[in-house]
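The values are calculated or read from the model by the stated rules, or taken from the named source; none is laboratory data. Everything numeric in this text was worked out from a predicted model, so none of it was measured. Note that each Cβ is placed from the backbone with ideal geometry, even for glycine, and that neighbours are counted across all protein chains shown. Surface areas here come from the heavy atoms of the whole protein model, side chains and all, with no ligands, DNA or RNA. Shrake-Rupley method; radii C 1.70, N 1.55, O 1.52, S 1.80 Å.
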Amino acid sequence: MKKILVATEKPFAPAAVNAIRNVVDAAAGYELALLEKYTDKAQLLKAVADADAMIIRSDKATREVIEAAKNLKVIVRAGAGYDNIDLQACTDNNVVAMNTPGQNSNAVAELALGMMVFMARGCFNGKSGTELKEKKVGIHAYGNVGKNLARIATGFGMEVYAFDPFVEKAAIEADGVIALNSAEELYKTCQYISLHIPANDKTKKSIGKAILSTMPEGAVLVNTARKEVINEDSLLELMEERPDFKYLSDIAPDCKDVFAEKYEGRFFFTPKKMGAQTAEANINAGVAGAEQIINFFEKGDVTFKVNK
Ligand code: 3PG
């Protein structure tokens, strides 16, 4: 029996766990093990010891975890961003790392738009707010989430712009989105900016005052990507200088106490990363993860491999 461990500090919806279990049970020779809501690393290290495969979310798959998993052949990040996996450690230990791109992207896009509505309506404080219709939204990186956000924002009657150096302009424009040539142009043009860049060595701390200060009056930055892409010191300087500037983030920045103390009404942070926290996204990403693992073992399929 090959053991597939689902290790989720932030658990999937119960319906998703059932759906994963059904996939695993339907394939002969596999069993499911579950480690949910674990509170310390020791629990994870123990659970991975005899796992042949693993499904994780934002759980940290460090070198220590990979090396403790002596039988591990494949690890799937049920989601898009795999900055939580030590890819080099996977490669060094002959472990294939995969993600499940696109499976939770609608959920994240809905949250981004939902946060925009929340802020446009003064955090639902009962006072007169503004509408999103005819406002300009700039999508920074046009992957699966960006594409879904473009669809939803178009439905709201927003003017949708995007910049992504890795996507053909024609592909962006095919969605009725105005493709711009640079991030600078995007930020200068749009009152709302929604971040969908991954966290890597190039993007970490890349978004700060220099580019944000060029945004138009009433600027709102929406971050459902990663908190690490923000230069927080620089953002705080901007919050001080531009009383019209607002920041919405799916997961609080490290400097959240400063926001709480000084910028009431100009920010909203989710208590836990919840962009992908819907039953649908959990089912899509979890089932895709389980199927990818079985296809890997049965057919050698490495379609979604992300390490070298
Ligand atoms: C992702 O990269 O797919 C999202 O950030 C979702 O992360 P989560 O599975 O931890 O909610």
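Among what's in region 44-64 and is open to solvent by less than 10 Å² (accessible area, probe 1.4 Å) and more than 16 Å from the ligand (Cβ to nearest atom), pick the residue that is nearest to SER105 (Cα to Cα).
The extreme case among them is ALA53.
Of the residues ALA112, ALA97, which single one is assigned to a helix (DSSP H, G or I) and not polar (S, T, N, Q)? Break it down stepwise before answering.
Working: ALA97 fails: assigned to a helix (DSSP H, G or I).
Result of the check over ALA112, ALA97: ALA112.
Any idea which residue in region 207-253 is farthest from the ligand (Cβ to nearest atom), counting only those that are in a strand (DSSP E or B) and closer than 16 Å to ALA183 by Cα?
Residues of region 207-253 in a strand (DSSP E or B): 207, 220-223, 230, 246-249.
Restricting the remaining residues to those that are closer than 16 Å to ALA183 by Cα gives 207, 220-223, 230.
On the way: ILE207: 17, VAL220: 20, LEU221: 17, VAL222: 14, ASN223: 11, ILE230: 15 Å.
Per the criteria, the residue is VAL220.
If the Cβ limit is 7 Å and pairs must be 6+ apart or interchain, which residue in region 41-52 that is touching a residue at least 24 places away in the same chain (Cβ under 8 Å) pairs with which residue that is open to solvent by 70 Å² or more (accessible area, probe 1.4 Å)?
ASP52/LYS2; ASP52/LYS73
Can you confirm whether VAL220 is open to solvent by 10 Å² or more (accessible area, probe 1.4 Å), of a type in the set (A, V, I, L, M, F, W, C) and in contact with a strand residue (DSSP E or B) (Cβ under 8 Å, 6 or more places away or on another chain)?
Working: open to solvent by 10 Å² or more (accessible area, probe 1.4 Å): no; of a type in the set (A, V, I, L, M, F, W, C): yes; in contact with a strand residue (DSSP E or B) (Cβ under 8 Å, 6 or more places away or on another chain): yes.
Spelling it out, it is not the case that VAL220 is open to solvent by 10 Å² or more (accessible area, probe 1.4 Å), of a type in the set (A, V, I, L, M, F, W, C) and in contact with a strand residue (DSSP E or B) (Cβ under 8 Å, 6 or more places away or on another chain).
If only one of ASP250, ASP164 is touching a residue at least 60 places away in the same chain (Cβ under 8 Å) and buried (at least 19 other Cβ atoms within 10 Å of the Cβ), which one is it? Before you say what the answer is, go through the steps one by one.
On the way: ASP164 fails: touching a residue at least 60 places away in the same chain (Cβ under 8 Å).
Testing whether each residue is touching a residue at least 60 places away in the same chain (Cβ under 8 Å) and buried (at least 19 other Cβ atoms within 10 Å of the Cβ) leaves just ASP250.
Matching residues to (1) open to solvent by 40 Å² or more (accessible area, probe 1.4 Å); (2) assigned to a helix (DSSP H, G or I); (3) among the basic types (Lys, Arg); (4) touching a residue at least 12 places away in the same chain (Cβ under 8 Å):
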site: ALA260; (1), (2), (3), (4): yes, yes, no, no
site: ALA288; (1), (2), (3), (4): no, yes, no, yes
site: PHE297; (1), (2), (3), (4): yes, yes, no, yes
site: VAL302; (1), (2), (3), (4): yes, no, no, yes
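For region 108-125, does any single residue satisfy the condition of being within 16 Å of the ligand (Cβ to nearest atom), on the phi > 0 side of the Ramachandran plot and buried (at least 18 other Cβ atoms within 10 Å of the Cβ)?
No, region 108-125 contains no residue that is within 16 Å of the ligand (Cβ to nearest atom), on the phi > 0 side of the Ramachandran plot and buried (at least 18 other Cβ atoms within 10 Å of the Cβ).
Taking the conditions exactly as written (over 19 Å from LYS3 (Cβ atoms) and either within 14 Å of the ligand (Cβ to nearest atom) or open to solvent by less than 50 Å² (accessible area, probe 1.4 Å) (or both)), does LYS273 satisfy them or not?
On the way: over 19 Å from LYS3 (Cβ atoms): yes; either within 14 Å of the ligand (Cβ to nearest atom) or open to solvent by less than 50 Å² (accessible area, probe 1.4 Å) (or both): yes.
The answer is yes for LYS273.
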